[in-house]
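The values are calculated or read from the model by the stated rules, or taken from the named source; none is laboratory data. Given the structure is predicted, the values throughout are model-derived calculations rather than measurements. Reconstructed Cβ throughout: ideal geometry from the backbone, glycine too, with neighbour counts over all protein chains shown.
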Amino acid sequence: MPTTKSSTPWRYSTPAIVLHWVLAALIVFMAALGWFMMTVEKEPGGERFFDLHKSIGLIVATVVLLRVLWRFFHRPEPLPAGLPRWQAQLAHLVQWLLYATMVLLPVTGVIGANYSRAGLAFFGTALPRWGEPARATAHQFFEFHEALVWITVVLVVLHVLAGLKHLLVDRDHVFARMWPARR
């Protein structure tokens, strides 16, 4: 519940904080793994990294779904009133674009994998296909997937820089809203 004129600033709930930081770690890991696997794509054993990326991607999709559902039913408090309007609007835009890319990345990856020759598997267990392999379709979805990764990187950098600005320059407790509380 929101606080009114209290000395304790409003904070996100523990589930929201956990989902935020778990997704942050997974997104960074998946981007790094994705870039690494492109360097070993043609190497013997390189397919292991693709299989790992697909499997963790399905986990990411599940965590994203949980995060979206949590956010839908638990609206955060508004940003501080003294924040310039353009900053609040930019924060809102970046946040919703991040949600969009977090949803679209797993979707494009799953569709691309479904149409790839290798198919989609979860830690070695092949998942059912909904169509025949189609190289051109898989390639198209993987290109979209890659473009979304770069968009996500830009959005994450903006998000992190804004968080650091609130923490180090503004010192307005906005960053602390999503940081785990000290006991």
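Quick notes
- Single residue of P78, P9 found to be out of contact with any strand residue (DSSP E or B) (no Cβ under 7 Å at 6 or more places or on another chain), outside any helix (DSSP H, G or I) and free of Cβ contacts under 8 Å to residues at least 12 places away in the same chain: P78
- Residue count, region 136-178 (criterion: closer than 23 Å to V103 by Cα and either within 17 Å of the chain's Cα centre (by Cα) or not hydroxyl-bearing (S, T, Y) (or both)): 28
A quick yes/no check of all residues on (1) at pLDDT 95 or above; (2) over 24 Å from the mean Cα position of the chain (by Cα); (3) over 17 Å from A121 (Cα atoms):
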{"position": "R11", "(1), (2), (3)": "no, no, yes"}
{"position": "T14", "(1), (2), (3)": "no, no, yes"}
{"position": "F29", "(1), (2), (3)": "yes, no, yes"}
{"position": "K42", "(1), (2), (3)": "no, yes, yes"}
{"position": "G46", "(1), (2), (3)": "no, yes, no"}
{"position": "G57", "(1), (2), (3)": "yes, no, no"}
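- Of all the residues in region 55-76, those that are out of contact with any helix residue (DSSP H, G or I) (no Cβ under 8 Å at 6 or more places or on another chain) and over 19 Å from V107 (Cα atoms) number 3.
- R129 falls short on exactly one of the conditions (1) basic (K, R); (2) in contact (Cβ under 8 Å) with a residue 12 or more places away in the chain; (3) not in a loop (DSSP other than H, G, I, E, B), and that condition is (3).
- Here A126 meets each of (1) under 18 Å from A61 (Cα atoms); (2) at pLDDT 95 or above; (3) aliphatic (A, V, I, L, M); (4) loosely packed, with under 14 Cβ neighbours inside 10 Å with one exception, condition (2).
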